[in-house]
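The values are calculated or read from the model by the stated rules, or taken from the named source; none is laboratory data. Fair warning: this is a prediction, and the values are worked out from it, not measured in the lab. Here the Cβ is made from the backbone with ideal geometry for all residues, glycine too, and neighbour counts use every protein chain on show.
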Amino acid sequence: MNYALRDMTEIEQLRQQLQKQEKLASLGLLSAGIAHEIKNPLNFVVNFSKISGNLLEDLTAIVEENAGRLPEDDREEMREIVSSLKDELVQIRESGERAISIIEGILLVSRGKEDEFVTSDVCRIVKEYVWLSYHAMRANYPGFNVAIHEEYQEGLPMVIVIPQDLSRAVLNVTNNACYTVWRKSQSAKEDYKPRIDVSVRMEGQELLITIADNGEGMTDEVKERLYENFFTTKPVGQGTGLGMGITRDIIEKKHGGKVSFTSTEGQGSAFTFTIPI
Ligand SMILES: Nc1ncnc2c1ncn2[C@@H]1O[C@H](COP(=O)(O)OP(=O)(O)OP(=O)(O)O)[C@@H](O)[C@H]1O
Ligand SMILES: [Mg+2]
């Protein structure tokens with residue numbers, strides 16, 4: 001198969017897609033406002049589920065003190081109910097927290113000055129955008145699922161980066177990782193378990209962010225042309241072929257870092273951003 005741009009219609013399709021993305025950008029501004037509004041009630045959900053958890057602890061203590069007055073059966077049932085209540089409160093809190101982190105992600109993308117270097121918690125950015133990518137894939141590709149394993153080195157320092165750009169880079173690479181494991185799962189054997197490994201760690205004076213997948217891997221041709229603008233192996237309409245080029249510019253030109261990768265056809269790929277701090 002020839003991956004080169006095949007004819008003018010394809011260029012036209014890509015141009016239209018870019019135009020669509022510009023529209024999306026202005027939509028982004030609007031959604032920033034909405035996202036901000038949604039964050040408040042979500043904070044209530046999280047905070048009240050925490051408070052309810054504490055109240056439940058208090059209530060349990062009182063009931064346990066007087067448990068002797070209850071028949072054995074009722075006592076058992078009460079404990080079961082309390083234990084399910086606790087589990088459910090944790091679920092509510094965690095879902096709320098996840099929703100907040102998605103919203104914060106949207107806020108980060110859609111507002112803020114360009115090219116502004118800010119002291120940032122890189123692990124948080126990576127985490128947010130990895131999960132943003134995951135949820136976007138879940139929404140767009142029915143049946144998509146992947147186990148995401150995260151490893152964040154403890155005690156990492158805050159790092160000066162351009163958060164919007166770094167998050168874009170993480171998103172691009174995670175999108176590719178999600179896409180390839182999804183593609184592979186369409187044809188792989190039943191025991192194939194899609195998996196993405198994310199890690200953030202320090203080595204000397206450098207911060208290393210790695211996103212690895214056990215997807216399809218890349219052929220030599222794809223490896224060579226990976227950063228070429230408009231180079232894509234995705235069906236027209238699904239990829240613009242700009243993701244990796246943008247990612248390299250962000251990491252290398254803007255942050256003075258390096259993007260490297262290893263990839264084995266049929267087994268997967270691992271991308272690493274090395275950022276000097
Ligand atoms: N993790 C990966 N596994 C396998 N192939 C990959 C991976 N990452 C990138 N590629 C290959 O590199 C090509 C270029 O990637 P790039 O992100 O630049 O563009 P794209 O994903 O096709 O489109 P988009 O502009 O939407 O990101 C992809 O089409 C794919 O063939
Ligand atoms: Mg891409």
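In the set (1) assigned to a loop (DSSP other than H, G, I, E, B); (2) away from ligand 1 (no atom under 16 Å from the Cβ), Lys127 fails one condition alone, (1). Is at least one residue of segment 226-246 more than 16 Å from ligand 2 (Cβ to nearest atom) and either part of a helix (DSSP H, G or I) or modelled with pLDDT under 95 (or both)? Within segment 226-246, none of the residues are more than 16 Å from ligand 2 (Cβ to nearest atom) and either part of a helix (DSSP H, G or I) or modelled with pLDDT under 95 (or both).
All conditions in (1) surrounded by 19 or more Cβ atoms within 10 Å (Cβ to Cβ); (2) more than 14 Å from ligand 1 (Cβ to nearest atom); (3) within 16 Å of Phe271 (Cβ to Cβ) hold for His149, with the sole exception of (1).
Table: residues versus (1) within 16 Å of ligand 2 (Cβ to nearest atom); (2) buried (at least 21 other Cβ atoms within 10 Å of the Cβ); (3) under 13 Å from the mean Cα position of the chain (by Cα).
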{"position": "Ser167", "(1), (2), (3)": "yes, yes, yes"}
{"position": "Asn172", "(1), (2), (3)": "yes, yes, yes"}
{"position": "Asn175", "(1), (2), (3)": "yes, no, yes"}
{"position": "Ser187", "(1), (2), (3)": "no, no, no"}
{"position": "Ile196", "(1), (2), (3)": "yes, yes, yes"}
{"position": "Val200", "(1), (2), (3)": "no, yes, no"}
{"position": "Glu203", "(1), (2), (3)": "no, no, no"}
{"position": "Glu206", "(1), (2), (3)": "no, no, no"}
{"position": "Gly217", "(1), (2), (3)": "yes, no, no"}
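Would you be able to tell me the number of residues in segment 118-166 that are basic (Lys, Arg) and in contact (Cβ under 8 Å) with a residue 12 or more places away in the chain? Residues flagged as basic (Lys, Arg) and in contact (Cβ under 8 Å) with a residue 12 or more places away in the chain within segment 118-166 amount to 1. Remark: Val222 falls outside the filter, which requires a residue to be of a type in the set (Val, Ile, Thr) and more than 8 Å from ligand 1 (Cβ to nearest atom).
So, in segment 236-258, of the ones that are more than 11 Å from ligand 1 (Cβ to nearest atom) and touching a Phe, Trp or Tyr at 6+ places or on another chain (Cβ under 7 Å), which residue ends up nearest to Leu226 (Cα to Cα)? Let's see the steps before the verdict.
From segment 236-258, those more than 11 Å from ligand 1 (Cβ to nearest atom) are 249-258; that's our starting set.
Filter once more, so that each one left must be touching a Phe, Trp or Tyr at 6+ places or on another chain (Cβ under 7 Å): 251, 257.
On the way: Ile251: 15, Gly257: 18 Å.
Here the answer is Ile251.
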